[in-house]
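Since the structure comes first, as structure tokens, the remarks are kept for the end.
The values are calculated or read from the model by the stated rules, or taken from the named source; none is laboratory data. All of these numbers come straight from a predicted model, not from anything done at the bench. Note: ideal-geometry Cβ built from the backbone for every residue, glycine included; neighbour counts use all protein chains shown.
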Amino acid sequence: MRLAAAFIAVFLLAACDTGTEQRDAVASTRAIQRPYLPVPPGSIARGTAARQAALAAPGPEVTQELMARGEERFRAFCSPCHGVSGRGDGTVVARGFPPPPSYHEERLRVLAPEQIVQVITHGKGRMFPYADRVLPEERWAIAHYVKALQARGSGAAPEAIRP
Ligand code: HEC
């Protein structure tokens, strides 16, 4: 009987211990709300210079890998609206989203890759910016893929475009 009581006491103490540990762990992760401090004038967010450098023309070298990446990213992020051939006939448009202009219009055919990178980064009119979803290098890859689509002409199949 005494032995049983001793066992129970040990179990209870062990339970107390883990309880204490868990409470400590919770306390250390509790968020502390500090008063709002305005950003001092002239502050620049960390990583700004690197981000700007990554977006500056001429961008990364155009290789087969870059073009393949561009095609894959274009199909994922742009073709839902712009269509796989860039004619502005993506599936989202078929469901009522305002159609984007065709990449094969004269006004867009003359866009430089860096201008396309800018549109992806900042959006344009009804098009949302994609800066938070598409990495700078991928923006260049997509831009070169769009140029390749344009070079092929509006009627061409978008398959197997390589530099
Ligand atoms: C949700 C639909 C949608 C998606 C996704 C989308 N766009 Fe657009 N895009 C538009 C619309 C709509 C316009 C026309 C914007 C306007 O003039 O109001 C446009 C315009 C453009 C233009 C022409 C800008 C100009 O100078 O007139 C380019 C280039 C472009 N998009 C590239 C892209 C690329 C590259 C992607 C993928 C990263 C992409 N878009 C994804 C809807 C989309």
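So the values come out like this:
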{"read-out": "Filter result for Gly42 (small (Gly, Ala, Ser), within 12 Å of the ligand (Cβ to nearest atom) and either more than 14 Å from Ala148 (Cα to Cα) or assigned to a helix (DSSP H, G or I) (or both))", "value": "no"}
{"read-out": "Of all residues making up region 105-155, the number that are in contact (Cβ under 8 Å) with a residue 60 or more places away in the chain, in contact with a helix residue (DSSP H, G or I) (Cβ under 8 Å, 6 or more places away or on another chain) and of a type in the set (Ser, Thr, Tyr)", "value": "2"}
{"read-out": "Candidate set: region 74-110, residues that are among the hydrophobic types (A, V, I, L, M, F, W, C) and more than 6 Å from the ligand (Cβ to nearest atom); chosen: the one surrounded by the most Cβ atoms within 10 Å (Cβ to Cβ)", "value": "Phe74"}
{"read-out": "Boolean, Thr48 is over 25 Å from Pro136 (Cβ atoms) and either among the β-branched types (Val, Ile, Thr) or surrounded by 14 or more Cβ atoms within 10 Å (Cβ to Cβ) (or both)", "value": "no"}
{"read-out": "Of all residues making up region 111-121, the number that are in a loop (DSSP other than H, G, I, E, B) and more than 8 Å from the ligand (Cβ to nearest atom)", "value": "1"}
{"read-out": "Test: residue in region 74-83 that is of a type in the set (Phe, Trp, Tyr) and without any contact (Cβ under 8 Å) to a residue 24 or more places away in the chain", "value": "no"}
{"read-out": "Complete set of residues in region 62-110 that are assigned to a helix (DSSP H, G or I) and among the charged types (D, E, K, R)", "value": "Glu65, Arg69, Glu71, Glu72, Arg73, Arg75, Glu106, Arg107, Arg109"}
{"read-out": "Given (1) touching a helix residue (DSSP H, G or I) at 6+ places or on another chain (Cβ under 6 Å); (2) near the ligand (Cβ under 10 Å from one of its atoms); (3) not small (Gly, Ala, Ser), number of the condition Glu71 does not satisfy", "value": "(2)"}
{"read-out": "Answer from Ala160, Ala156, Ala143 - the residue that is at pLDDT 95 or above and not charged (D, E, K, R)", "value": "Ala143"}
{"read-out": "Region 89-142: number of residues that are within 18 Å of Val62 (Cβ to Cβ) and of a type in the set (Gly, Ala, Ser)", "value": "2"}
{"read-out": "Residue tally, condition near the ligand (Cβ under 9 Å from one of its atoms), more than 17 Å from Thr48 (Cβ to Cβ) and part of a helix (DSSP H, G or I), over region 122-143", "value": "3"}
